[in-house]
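Each value in this text was obtained by applying a stated rule to the coordinates, not by laboratory testing. What you see is a predicted model; the values in this text were computed from it and never measured. Note that each Cβ is placed from the backbone with ideal geometry, even for glycine, and that neighbours are counted across all protein chains shown.
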Amino acid sequence: VAKLNSSLSSLSAATYLGNSGNERASSLALSADESSVYVTGYTWSGSFPTIGAYDNSLAGLQDVFVSKLSADLTTLSASTFVGGSDADQANALVLDSADNVYITGYTVSTNFPTSTGVYGQSNSGGDEVFVAKLNSSLGTLLGSSYLGGSSNERADAICIYNKNMYVGGYTRGADFPAVSYDPIHNGSDDIFLSKLNSNSTPTAILGFPSQTTFSTVTVTTTITDADADITSLTIEHSTNGTSWTSSTISDVVADYGASIPGTGSITGIDTDSAGTNPDYAVNLTISWNIEADLPNTEDAGVFLRFVPNDGLENGTLQTSSAFLIDTKAPSVPGDLVLNTVSPASISFVYPSVTSTDANFQEYKIYYDTVAIVSVTDSAFTSSTDPALGDDDFNEEDISVAFSGLTPNTVYYFNLFTYDAWGHVVSSTTEISTTTLSAVPNVLTASDVSGEAATISWAQNGNPNGTEYRIEHISNTAMTSGWTSATAYTFSSLNCGTDYTFHVTSRNSVGSVSAWSSNMTVTTNACGAVPIPVVPPAPPAEPLQQPPVESEEEEPEEECAPSDPLCSEEILQPTGLITIVGDNGEPVSFTKIPDVTIKFDVSYADQVALTLSSDMLAPNFGDASFMPIVSQLPFFLEGQDGKKCIHARFRNTSEQFTYDTYACAYLDTIAPAVPVFLKSSFEPDPNGNGMNVTFLGTAEPGVTVFLSQPTIQVSSVSEGAFYGFPRLWVAALEGYTTTASLSGTWSLSIPVVFSPGAYTFTLQAADVAGNKSAIASYTVNVSEQTEEEQPEKSKEEPQQILEEESLQEPENKPLSEPANGEQAGSNFSSDIPLPTGEQGVFPISSSNNSIDTEEDTDKKTLKQSASSLLLLPPSVAKTMSAIGKKVAPVVEDIINDPRVESANQIYVAPAVAVASAANVAAGFGMAQVLSYMRYLFTQPFTLLRLRKRRKTGVVYHAFTKRPIDLAVVRLINKKTGAIQESRVTDMEGRYLFIVPKGKYSIAVTKSGFQGFSEHLHSADEDSSYTDLYHGETITALDDGRVIAYNIPLDPGDMVRSTSEILKDHSQKIVRYAISSLGIFLAFLSFLISPNLFIFFLLCLHILFFSLFRRLARVKIGNQYGVILDSEKKEPLDKVVVRIFDAVYNKLVDTKVTDRKGRYASLVGPSKYYVTYERLTHHKKQTDVIDYTPQSRGGIIARNERLEPKNTVSLSA
């Protein structure tokens, strides 16, 4: 194939095309866009190159080839064989506007490929003309036909015009199909000229039709036309398969182009749309309006048929199989009949005339407070009464009682029937009725005097306007008559007399309710003093007891300031309001939150109540006044601890108010099991046996119960116990004692014991009535006076360093944890104290508490035994003597000039560098630099933040807590440079004030992975609005404030428990190093008191402050405690992980302190918590739902972990 210029003076391109056999090209043509050249001829080569071919192999001795090359003849883009098992040769080629390829020539093959529906399907004899059509990529044979008679014919020319194909050549036969100008063969070789239709008929593939709504049948079809014509589709339906009617098409959806629905047809099906290439197919989803064409038809078989047309001829007709349709509505059911009616419910008699429909689905009873109910109103359905789901009401005559109605209200009802396709019909007549009025309740008396009393009651759901009647239960003349008020004053009563009343109500049609419960009021005694005109004296201040000097040599035990067991605190100072127990007596402790409060009704006629955890500054903002009554049930909300009910009394006649309170301690947690440490034996003076004293530890102030010791059978001779029958021992009563404030107890049994092994049990009860579990011990009584001291079951206390936990920010409402124990329960240790002669040295407060938050421990109901450093007196004495000898030596060393010089040059700078490295290594240099930058480079920003209300906040996307020390950078979109940067403060705040321009924001913070993914499309989140997710910010004017709220997602990595505990231990070590650094710096200053060493001391203080700021989080007064399930001891180093249950995302990790405490502040969402300790089994909670809380809450659950290796302990 060669390409020359138009003057044939130069060869632009040339190429071979073929293989090892003979090939000959006979015709070629350029594509419409002149980018390709198509060439045809014949080949003898079986290995002739083919690409994307219709036929990849040589079928006979000689086959036709068609090839497609690029216009510059450098690329063969498509190539194919065409032929049968004998010789075939193409002599001419032409292209249409779509670059479809038409070829003609002759074939000797009797199996030359032909298409369905073409003119010639077989070879009539000898050399026969063929005409073939391929698509532009040569991969599809679109059509092929023989043309000729019984003699030899050959074609040498072909052209296309208006979808007609003209073929020319010669024939030697008299039977060549000639029908026009000259139908007679003139002899030898005659020229022939034939005209054929080149159009490809369109096709339709029909899916299965089905009814989708009460008025619509949906069917899909695929229309294909190889000529890429604009095609139409005729659609008809039939109920018998023989008579056909045009179908009403309500909608059609085409995947390419825009098709137009109509009655009986769809037009404008564009098979040449860009999306249809190369298959020229369009998929249609057709909606047939069966309600318009076949109304009132029920379960009838229907057929659909489609006929495509490309404007020249119809395609193949397609007919569906029969399918069922239903356009008939159910029959009208009978009317409902009212059966029963109450204040909030109603039942009906179902009609005997039921609805009939082949596709019945359900009855529904719609109702409303106005006439003519519709399907948009409220409804009773089969989910409430299953009978409504059956067309015969499950043969039930009476419905269930449908609830949810409002008392004394007019309602209208009607019965509706639905079939499966959504056809609906209602009963002919709707019914109406008025619900009864509810029985009034909560009767209370107020303004009681010697001759009058006011009785009020609650409406109990009745609407305003309902009428009530109150009267004496036996004297019906003593009545209010019918009134719409909810209170009535009876006058002219007798003093000192009981009066019993009850109340009824009636609805708007006069139906009267039952009587309420009776209420008795007693008028004031004759001659009683009326309500005073001035309030009583204010409540007494809590007593402050002066210290009492002990006459004994040994100091007495001191009460902790916050210990309610030994304080002289006045909990209920005035008696106007008291908290009482089941026996009606005032209580200071309660183990259940449901209590009763009593009022003195002689001072006021109204009272408002609120609850707090202390006696100061009550908040009556949300409290409302109510008539005063003699007593009222009350629920103590929140965690264990001190609960104060504040009462504000109001005397409406004298116009004064008076505030007082009553307090009690809520304690719902059982005390720990008492611990038996040892026993001692003393001979009975009468020589009858041994007296036994038991010693042990327990929670301070609890009552310890010791059961009667029972001798073991194997340890005593038959029937003898120092002269008493053995049954006498089993009949001994139990004994009690009270644990001291230091947590120790002792108990001497007033019974003599013979030698042997005795079993007894211990149990503790606190002042609130909570009882511990029971522990069993065995004691071997001997005639020796030495003590019996069993192996201790609990470890002695030891001084350890601990990390502090989270402190809740001020002015944040806290929520109770869900699905778990109450938060904030304080744990009381039952660790036994060492025994024996001791020197006692209290540990300083800096080592014995968490920071300075003594107020947290002051709220502890059950105090742990004080942590003491216990040393024998001999050791203490020795240490004192050593100190007296060492002190002068130390003083000489400090005053040595050489030591002072070495201290200034080497020691002090080295210690400072070590402390700085300790802080940087512990928290990362980026974190440290961010904090230093925040402190020293943003003073004006801090002032500006305080003056402005509008600031942006960077916050945790899951917990909703602000993120401090995050670096916020403002990037100029035009230059890509950082315009400004900020470091967020403790509240996560930042802002930028920028000139006109376009900007974006980038935020970096260790532990966070960037803008929140799960909030990326949200504009608001809880209390945060104007969220930013990385968009371009346009400042239209100078001075624009940029202050968006930015949520960040935490990192995805969940570290192992070992890694977390390793970091936790490293923080403790670094805390010790930082503390030691201050001490060493101070010592250096004592040795060398100059300005340089003073600077290093200040630097150490800065490093220590930096460490505390970055490392410590404080525990507030709400926290959870993790205990060992067997020992009931607090567990430190428990890894607590909080996960967001909605996104299964880790949002926080905590490690319990040495008291087993932890707390985590979270936002409004759903969470679950896992607890993991290396020595205990892992535990996971159920989902904790904080979504109802607008600001989230604290996760602080009390949990118990099972040890992995459980060992039973015996005394």
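Assorted remarks:
- Above-threshold pairs, the threshold being 28 Å between Cα atoms, out of K1128/K1179; K950/K1067; K1155/K1178; K643/K960; K328/K364; K1062/K1145: K950/K1067; K643/K960
- Counting charges near T74 (Lys, Arg +1; Asp, Glu -1) among other residues having Cβ under 14 Å from its Cβ returns a value of +1.
- Dipole magnitude of the range 337-434, debye to nearest 20 (Cβ charges: Lys/Arg +1, Asp/Glu -1, about Cα centre): 400 debye
- Proximal charge balance of L193 [Cβ under 13 Å; K/R count +1, D/E count -1]: -3
- Two-decimal Rg to Rh for the range 337-434 - Kirkwood Rh, Cα set: 0.94
- Close lysine pairs were tallied over the range 2-197: pairs 8 or more places apart or on different chains with Cα atoms under 16 Å apart number 5.
- Dipole orientation for the range 938-1050: of the candidates L1048, S1022, N972, N972 has the Cα lying most toward the positive pole (charges on Cβ; Lys, Arg +1; Asp, Glu -1).
- Listed peptides 341-352, 115-126, 96-107 appear in the order 96-107, 341-352, 115-126 once ranked by packing, highest mean of other Cβ atoms within 10 Å at the front.
- With the charge dipole of the range 203-326 set up from +1 on Lys and Arg Cβ and -1 on Asp and Glu Cβ about the Cα centre, the Cα lying farthest toward the positive end among the listed residues T271, V307, I290 is that of I290.
- Computed about the Cα centre, the dipole magnitude for the range 2-197 is approximately 240 debye when only Lys and Arg (+1) and Asp and Glu (-1) carry charge, each at its Cβ.
- 3J(HN,Hα) couplings calculated from phi for the range 434-445 with the Karplus curve 6.51 cos²θ - 1.76 cosθ + 1.60 (θ = phi - 60°) are, in sequence order, 10, 5, 5, 7, 7, 6, x, 9, 6, 6, 9, 10 Hz; Gly and Pro show x.
- Of the peptides 993-1002, 757-766, 736-745, 172-181, the order by per-residue mean of other Cβ atoms within 10 Å, starting with the highest, comes out as 757-766, 736-745, 993-1002, 172-181.
- Charge tally in the Cβ shell below 12 Å around S446, where Lys, Arg are +1 and Asp, Glu are -1, S446 excluded: -1
- When you count the other C-beta atoms within 10 angstrom of each residue and take the mean per peptide, 193-201, 1004-1012 line up highest first as 193-201, 1004-1012.
- In this Cβ point-charge picture (+1 for Lys and Arg, -1 for Asp and Glu), the range 203-326 has a dipole of about 220 debye about its Cα centre.
- Hz values of 3J(HN,Hα) by residue in the range 989-1006 - Karplus curve (6.51, -1.76, 1.60), Gly and Pro given as x: 8, 7, 6, 10, 10, 10, x, 4, x, 10, 9, 9, 10, 10, 10, 10, 7, 4
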